[in-house]
Amino acid sequence: MMMMVSIPPSLSGNSADITKLATDNLMNFQKAAEVFETKKKVSDTAFDLSKEQPMESGLNAKGLDFGQSLKSELQRVNQLQQDAHTAIQDYAAGGDTPVHQVMLAVNKAELSLQLATQVRNKMVMAYQEVSRMQI
């Protein structure tokens, strides 16, 4: 089953606008992560946790923070979008790209954009819930 991603008509042919939109959303994610970390630190001190336990510094197992991980994944989504666009252009120009590779590239780009959109939606919901928490 093929699912289509709805891109506003104003952004449909302009990858720079799509990149800007993704970057703007990344900034919203980073702000949400900062607010979450601040509220976590406040709640940890409010409950007077043991000083022997080190505070989380926002690093994951690979040593990257949340913002860097998110940014790299958004860049990967953007790269898949650009690859699909290139495959479409090559096929339309009569290049040697087979139609099945074009469709695979387009479907990968669509699925990655859908995943990024769902992650964004979940992050916004989490941010809203955290902002409603009483300290």
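Going by how many other Cβ atoms sit within 10 Å of their own, how do SER69, SER112 line up, fewest first? Present the calculation step by step, with values, prior to reporting the outcome.
Numbers: SER69 12, SER112 20.
Lowest count first: SER69, SER112.
Quick one: MET103, MET133, fewest Cβ neighbours within 10 Å first, how do they rank?
Details: MET103 15, MET133 8.
Result, fewest neighbours first: MET133, MET103.
Using the Cα centre as the reference, give the magnitude of the dipole from point charges on the C-beta atoms of region 67-135 (Lys, Arg: +1; Asp, Glu: -1; all else neutral), rounded to the nearest 20 debye. Working shown, then result.
Values: 6 positive and 6 negative charges, 84 e Å.
Charge dipole, region 67-135, about its Cα centre: 400 debye, nearest 20.
Hey, fewest Cβ within 10 Å first, where do THR97, THR38, THR86 land in order? Provide the component values of the computation, followed by the final result.
Working: THR97 17, THR38 11, THR86 14.
Final ranking by Cβ density, sparse to dense: THR38, THR86, THR97.
Each reported figure results from applying straightforward, stated rules to the coordinates on display, with no laboratory input. What you are looking at is a predicted structure, and each value in this text was computed from that prediction instead of being measured. Quick reminder, even Gly has a Cβ in these numbers, built from the backbone with ideal geometry, and neighbours come from all protein chains shown.
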